[in-house]
Amino acid sequence: MNEYRRFALGCFRATARPAGDPMLFRLPAAQRRLATTTGSFTRALHRHTGHPVVVRRLDEGWRGHVAGRWPTPRVTRVWARRVRLESADARVEALTEVVGPLSPRLRRAITGLADTPLMEVLARQPRCRRLSFRVSRAGRRVSRETVYRIHLARVRVTEWFDIDLR
């Protein structure tokens, strides 16, 4: 039980519902609950499938600055990590991008994730705040995008999966 209690810290103090696409209401209830979960997506996937979740790193490292349409401070490098979450027949792709000045503690935590779920690291950050949380649907694909602020750094987490997720 103590393992679950630590997720009340850091980014999870306020659990506002996501800004969502009206198309989400047409999803089956199980996929809608998974898409709109506000805590650890890895744990939600585990509850959804009833099987352990395996985190497979596809790509990880530093690259040039790509701002996109999310709030980023002026920096020259972005740390990015792309993973696939696998549980039973379910496959979820996830991309994490971190920009901004990183404290040494946050840099060690983010770059040393290995196969640890990202939310376990974010939950331990004392000054973590969720800036936005949006869920959208395009055809059979559901996407979630969450932006966190930890001190001056911005962390954007994007997950996407198909509706026929088992």
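Observations, loosely collected:
- The residues of the stretch 122-158 that are over 18 Å from Asp59 (Cβ atoms), surrounded by 16 or more Cβ atoms within 10 Å (Cβ to Cβ) and among the hydrophobic types (A, V, I, L, M, F, W, C), listed by number, are Leu122, Ala123, Cys128, Phe133, Val135, Val142, Val147, Ile150, Ala153.
- Count of the stretch 35-61 residues, restricted to those that are assigned to a loop (DSSP other than H, G, I, E, B) and either open to solvent by 60 Å² or more (accessible area, probe 1.4 Å) or at pLDDT 85 or above (or both), is 4.
- Candidates are the residues of the stretch 1-34 that are under 15 Å from the mean Cα position of the chain (by Cα) and buried (at least 16 other Cβ atoms within 10 Å of the Cβ); the one that is modelled with the highest pLDDT is Leu34.
- Total residues in the stretch 84-107, condition open to solvent by 20 Å² or more (accessible area, probe 1.4 Å), closer than 29 Å to Gly50 by Cα and not in a loop (DSSP other than H, G, I, E, B): 5
- The lone exception for Arg74 - which of (1) closer than 16 Å to Ala153 by Cα; (2) modelled with pLDDT under 80; (3) open to solvent by less than 70 Å² (accessible area, probe 1.4 Å) it fails: (3)
- Single unsatisfied condition, Leu113 versus (1) at positive phi; (2) open to solvent by less than 50 Å² (accessible area, probe 1.4 Å): (1)
- Here the stretch 108-127 is the region considered, the condition is being modelled with pLDDT under 80, outside any loop (DSSP other than H, G, I, E, B) and not hydrophobic (A, V, I, L, M, F, W, C), and the residue that is nearest to Val83 (Cα to Cα) is Thr111.
The values are calculated or read from the model by the stated rules, or taken from the named source; none is laboratory data. Keep in mind that what you see is a predicted model, and the values were worked out from it rather than measured. Cβ sites come from the backbone with ideal geometry, for glycine too, and all protein chains shown count toward neighbours. In case anyone asks, the SASA skips ligands and DNA or RNA and just uses the protein heavy atoms, side chains included. Shrake-Rupley method; radii C 1.70, N 1.55, O 1.52, S 1.80 Å.
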